[in-house]
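Each remark here refers to the structure printed beneath this line.
Here, each number is a calculation from the coordinates, and none is a lab measurement. What you see is a predicted model, and the numbers here were worked out from it, not measured in a lab. Cβ coordinates were reconstructed from backbone atoms using ideal geometry, including for glycine residues, and neighbour counts include every protein chain displayed.
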Amino acid sequence: MIRQLWPGLKKYNNKSRDIFMRRDGWNIPGRRLAGYFITIGMLLVGQLLNNTAWAAQPLHIAVAANFATPARQVAQDFERQFSIPAVVTVASSGTLFVQITHGAPFDVFMSADARRPEQLVDEHHADRDTLHVYAQGRLAYLNADIVAPDMNDLVNTVIAGKRKLAIANPALAPYGLAARQVLTRLHKWPRAERHLVLGKNILQTYQYYRSGNVEHALVAASLVKPGQPHAALVPAHLHQPILQKVVVPASAPQPEQAQLFVNYLMSAQVQQQLSQWGYDSYILDKESP
């Protein structure tokens, strides 16, 4: 059977060659058809290269310092699930806000407050449809001198004026603003101001305490382990709610992938993990009866 088919196949191949070629070179139809094949091939290769380059481009996530550890975990889980890498940049909300208004190519901005993402929307640096409350923060008081401190100890520390108190810079960090609100509600802000050590963000503030440079600090509760000694949760009524919002900047290089990340961040899968990181879920609390 193979021997019988082969002469016919050889004849067919010769005819095919005669259609596309002559002794003096390619004929006109052959040139056009070959050109089509080459063009299509180049387009397919180009598209493949574009897709590969697109897939290799990481998302750039700008994250407030207080949420650095959870953000890195969320980014890892997101990459594992969607095969899109994400690079996390950590700084104070104020610093990141200024960078974004000057065109920094961040795909997602996870602030420690609501004001700055809302301001980006108001100033047309972001779309309101991408704005969400992704977490609600709490404040903790650290006291190196007392195992189980309370707010009276904070007041006494300020009154005595013999110990330094570290807070994040209220002008840059929402947790610093909340700390100032606590001291104001306790009628101790003017006196405390003389003994403050300001961190440029909440991580630096916490490091001042950890290193022993200060004995007292007001920091994000997410930095304190449950049951940790020398720490107390600050009553929520002493400061305004710390609503942390996320938004996709208008300058985002990859807005579609950025929105996918935001959708993942707002999913029940992530929101249910917030409590183990020291946060409340604003949307789950709203949905609960």
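Below are the figures for this structure:
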read-out: Karplus (6.51, -1.76, 1.60) ³J(HN,Hα), θ = phi - 60°, over the stretch 246-261, in Hz, Gly and Pro reported as x; value: 10, 8, 9, x, 5, 8, 4, x, 10, x, 5, 5, 5, 5, 4, 5
read-out: Environment charge of residue 161, counting only residues whose C-beta is closer than 9 Å and scoring Lys/Arg +1, Asp/Glu -1; value: +4
read-out: Charge sum, other residues only, whose C-beta stays under 14 Å from residue 171's C-beta, Lys/Arg counted +1 and Asp/Glu -1; value: +2
read-out: Net charge of Cβ neighbours under 10 Å - reference residue 215; Lys, Arg +1; Asp, Glu -1; value: +2
read-out: For the stretch 139-233, convex hull of alpha carbons as volume per residue, Å³; value: 81
